[in-house]
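Let me begin by presenting the structure, written as structure tokens, before commenting on it.
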Amino acid sequence: MPLSDADVVIAGCGPTGAMLAAELRLHDIRVIVLDKDTEPAPSSRIVGLHIRSLELMAMRGLLDRVLENGRRRPAGGFFAAIPKPAPDDLDSPYAYIVGIPQPVINRILADHAAGLGADIRHGHTVTGLHQDDDGVTVELAHGERLHAHYLVGCDGAHSTVRKLLGVAFPGEPSRNDTLMGEMEAAAPPEEIAATMARLRDDHQRLWLRPAGPGTYTVVVPAADVTDRDRPPTIDDVRRRLHALAGTDFGVHSPRWLSRFGDATRLADHYRLGRVLLAGDAAHIHPPIGGQGLNLGVQDAVNLGWKLAAHIHGHAPDGLLDTYHAERHPVAAAVLDNTRAQMELSAPEPGPRAVRRLLTELMDIDAVNRRLIEKITAIDLRYDFGDGPDLLGRRLPDVAVKHGNLYGLLRHGRGLLLDRTERLTTGGWSDRVDHLADPTAALDVPAVLLRPDGHVAWIGDDQRDLEGRLARWFGAASPPDTFTK
């Protein structure tokens with residue numbers, strides 16, 4: 001390829017962009033990350049990392065840092081905020097939610113990317129792009145141009161990259177706006193708790209939750225849908241609280257305020273040529289269920305190793321296209337479940353009746369389990385063709401000799417977990433690690449894992465294994481071109 005400033009330019013250094021940069025750096029890809037903001041946003045909004053995202057954090061050695069800066073919460077009660085506990089035997093050692101301030105998780109992931117060598121540049125706004133067969137030219141607001149082999153738009157719901165690329169973003173505009181913030185309240189805590197308990201059945205989108213001594217996270221439906229570029233004020237919050245609760249609880253001294261809507265949109269394409277989309281640039285939906293950040297981080301882990309393999313020249317045909325093929329349906333399913341949750345949160349008699357019925361049905365373990373696995377993304381199965389149910393699913397963090405499985409995936413390589421002790425990665429050992437362990441907690445002879453932890457092959461036949469290695473990791477390297 002011709003000379004360039006970077007292999008990949010990433011627009012946006014939120015969780016998706018930072019995670020993608022780190023994934024690429026695991027494979028020595030030259031990465032420049034451009035973020036239009038000169039400093040982090042002041043919001044201290046708490047976001048939730050669900051089970052699958054926690055598994056990915058464990059795979060990349062980040063979980064301890066997340067836990068040090070967040071708070072564990074039970075995994076139940078997320079689907080439409082229906083208060084049902086999670087089953088005790090969810091198939092993961094990370095069967096909980098971690099609430100963490102969004103600026104903190106942003107910083108953890110950005111520091112991780114920078115520590116691996118990503119070049120993160122703040123105050124750089126993308127204004128134009130041009131791509132051809134050789135690469136992408138990225139134009140910046142201050143007149144600079146960068147040349148890269150690929151550009152990935154991780155620049156949010158109003159993605160400049162998506163708009164410049166001309167990718168359609170069909171869906172529904174916002175019908176309901178919500179005000180949210182963290183502020184102090186003069187009303188006694190017992191009065192606030194009693195009022196919230198009284199209003200819970202009629203107003204699912206109204207709540208005050210303690211965020212510290214005398215401080216609350218406040219969520220209240222807005223009066224109408226309006227321009228989200230106009231920041232809300234404390235008076236807006238007071239008026240809406242008074243209208244719905246009969247009191248404003250004496251709220252004052254906001255630490256931050258925001259407004260969000262329930263627009264639901266999905267990009268037609270995640271890739272056009274040398275430009276790709278990930279995170280909110282590719283999909284937006286209401287925040288109910290807390291899936292947005294998680295969906296974007298999981299996009300990044302799916303894409304990173306595939307794009308790196310393509311740049312290094314050993315990707316099998318069509319590997320990069322599996323990014324859209326695998327992740328687009330996942331986002332479509334998330335959009336559908338958030339649409340359903342929003343309907344269940346509406347105050348009209350019909351949605352309230354359906355909510356009561358679903359609340360009863362969730363007492364059935366299989367129903368409750370299905371909804372929790374859907375929200376936390378541990379039910380996901382990619383279509384890898386015919387095979388056992390485990391094929392295409394993520395493998396939990398099972399015990400292996402000298403530790404746990406996920407500790408072996410820290411470097412973003414594939415892994416052959418082999419109980420037979422007869423198999424080999426052969427000419428793929430420059431891309432795929434091999435652990436021969438007859439004690440591994442598996443009920444199958446061997447599995448081949450992709451770098452994202454999904455099972456790409458199950459069996460005990462060497463020739464069949466080599467076919468799958470070639471499918472996911474390209475042609476074998478000649479014996480004299482690498483050292484294991």
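The values are calculated or read from the model by the stated rules, or taken from the named source; none is laboratory data. Computed from a predicted structure; not experimentally measured. Quick reminder, even Gly has a Cβ in these numbers, built from the backbone with ideal geometry, and neighbours come from all protein chains shown. To get the accessible areas, we keep the full protein, side chains included, count just its heavy atoms, and leave off ligands, DNA and RNA. Shrake-Rupley method; radii C 1.70, N 1.55, O 1.52, S 1.80 Å.
Find the residue count for the range 356-379, including only residues that are assigned to a helix (DSSP H, G or I) and touching a Ser or Thr at 6+ places or on another chain (Cβ under 8 Å).
Residues flagged as assigned to a helix (DSSP H, G or I) and touching a Ser or Thr at 6+ places or on another chain (Cβ under 8 Å) within the range 356-379 amount to 0.
Would you call Pro349 open to solvent by 50 Å² or more (accessible area, probe 1.4 Å) and either over 27 Å from Phe79 (Cβ atoms) or of a type outside the set (Ser, Thr, Tyr) (or both)?
Answer is yes for this residue.
For the range 62-90, which positions are farther than 25 Å from Pro210 by Cα and under 17 Å from the mean Cα position of the chain (by Cα)?
Hits for the range 62-90 are Leu62, Leu63.
Tell me which residues, restricted to the range 400-416, are surrounded by 19 or more Cβ atoms within 10 Å (Cβ to Cβ) and either under 23 Å from Ala475 (Cβ atoms) or touching a helix residue (DSSP H, G or I) at 6+ places or on another chain (Cβ under 6 Å) (or both).
Those that are surrounded by 19 or more Cβ atoms within 10 Å (Cβ to Cβ) and either under 23 Å from Ala475 (Cβ atoms) or touching a helix residue (DSSP H, G or I) at 6+ places or on another chain (Cβ under 6 Å) (or both): Tyr406, Leu409, Gly412, Arg413, Gly414, Leu415, Leu416.
Just checking, does the range 411-423 include any residue being of a type outside the set (Val, Ile, Thr), farther than 26 Å from Asp28 by Cβ and either touching a Phe, Trp or Tyr at 6+ places or on another chain (Cβ under 6 Å) or assigned to a strand (DSSP E or B) (or both)? Lay out the reasoning, then the answer.
Taking the range 411-423 and keeping what is of a type outside the set (Val, Ile, Thr), we get 411-419, 421-423.
Applying the additional criterion that residues be farther than 26 Å from Asp28 by Cβ yields 418-419, 421-423.
Within this subset, residues satisfying the condition of being either touching a Phe, Trp or Tyr at 6+ places or on another chain (Cβ under 6 Å) or assigned to a strand (DSSP E or B) (or both) are 418.
Checked the range 411-423: at least one residue is of a type outside the set (Val, Ile, Thr), farther than 26 Å from Asp28 by Cβ and either touching a Phe, Trp or Tyr at 6+ places or on another chain (Cβ under 6 Å) or assigned to a strand (DSSP E or B) (or both).
Find the residue count for the range 289-322, including only residues that are among the charged types (D, E, K, R), touching a residue at least 40 places away in the same chain (Cβ under 8 Å) and assigned to a loop (DSSP other than H, G, I, E, B).
Residues that pass the stated criteria total 1.
If a residue must be open to solvent by 10 Å² or more (accessible area, probe 1.4 Å) and either assigned to a loop (DSSP other than H, G, I, E, B) or on the phi > 0 side of the Ramachandran plot (or both), how many such residues does the range 263-288 contain?
The qualifying residues number 8.
Checking Gly250 against (1) in contact (Cβ under 8 Å) with a residue 60 or more places away in the chain; (2) farther than 28 Å from Leu20 by Cβ; (3) open to solvent by less than 20 Å² (accessible area, probe 1.4 Å): exactly one of these is not met. Which one?
Among (1) in contact (Cβ under 8 Å) with a residue 60 or more places away in the chain; (2) farther than 28 Å from Leu20 by Cβ; (3) open to solvent by less than 20 Å² (accessible area, probe 1.4 Å), Gly250 violates only (3).
Within the range 441-450, does at least one residue satisfy the condition of being part of a helix (DSSP H, G or I), over 28 Å from Ala300 (Cβ atoms) and either open to solvent by 10 Å² or more (accessible area, probe 1.4 Å) or among the acidic types (Asp, Glu) (or both)?
The answer is no; no qualifying residue exists.
Please determine whether any residue of the range 160-170 is in contact (Cβ under 8 Å) with a residue 24 or more places away in the chain and closer than 20 Å to Ser345 by Cα.
Within the range 160-170, not a single residue is in contact (Cβ under 8 Å) with a residue 24 or more places away in the chain and closer than 20 Å to Ser345 by Cα.
Only one of these is surrounded by 19 or more Cβ atoms within 10 Å (Cβ to Cβ), under 20 Å from the mean Cα position of the chain (by Cα) and in a strand (DSSP E or B): Leu146, Leu151. Name it.
Leu151
Let me confirm something: among Asp236, Asp268, Asp299, Asp248, which residue is acidic (Asp, Glu), modelled with pLDDT of 90 or more and within 16 Å of the chain's Cα centre (by Cα)?
After ruling out the rest, the residue left standing is Asp299.
State whether the residues of the range 184-205 include one that is within 21 Å of Asp336 (Cβ to Cβ) and in contact (Cβ under 8 Å) with a residue 60 or more places away in the chain.
Residues of the range 184-205 that are within 21 Å of Asp336 (Cβ to Cβ), as a first pass: 204-205.
Subsequent filtering for residues that are in contact (Cβ under 8 Å) with a residue 60 or more places away in the chain retains 204-205.
Yes, some residue in the range 184-205 is within 21 Å of Asp336 (Cβ to Cβ) and in contact (Cβ under 8 Å) with a residue 60 or more places away in the chain.
Taking into account only those residues within the range 197-221 that are over 27 Å from the mean Cα position of the chain (by Cα) and among the hydrophobic types (A, V, I, L, M, F, W, C), which is least open to solvent (accessible area, probe 1.4 Å)?
This residue is Leu199.
Output the residue which, of all residues in the range 158-186 that are outside any strand (DSSP E or B) and within 30 Å of His252 (Cα to Cα), is most open to solvent (accessible area, probe 1.4 Å). Outline the logic, then answer.
Residues of the range 158-186 that are outside any strand (DSSP E or B), as a first pass: 158-170, 173-177, 186.
Now drop any that are not within 30 Å of His252 (Cα to Cα), which leaves 174-177, 186.
Values: Ser174: 24, Arg175: 153, Asn176: 56, Asp177: 4, Ala186: 77 Å².
Out of the qualifying residues, it is Arg175.
Output yes when any residue across the range 292-304 is open to solvent by 20 Å² or more (accessible area, probe 1.4 Å) and either among the acidic types (Asp, Glu) or in contact with a Cys (Cβ under 7 Å, 6 or more places away or on another chain) (or both), and no when none is.
no
Report whether or not His130 is open to solvent by 50 Å² or more (accessible area, probe 1.4 Å) and either without any contact (Cβ under 8 Å) to a residue 40 or more places away in the chain or in a helix (DSSP H, G or I) (or both).
Taking the combined requirement at face value, the residue satisfies it.
In the range 212-269, what residues are polar (S, T, N, Q) and touching a Lys or Arg at 6+ places or on another chain (Cβ under 9 Å)?
Selection gives Thr215, Thr217, Thr226, Ser258, Thr264.
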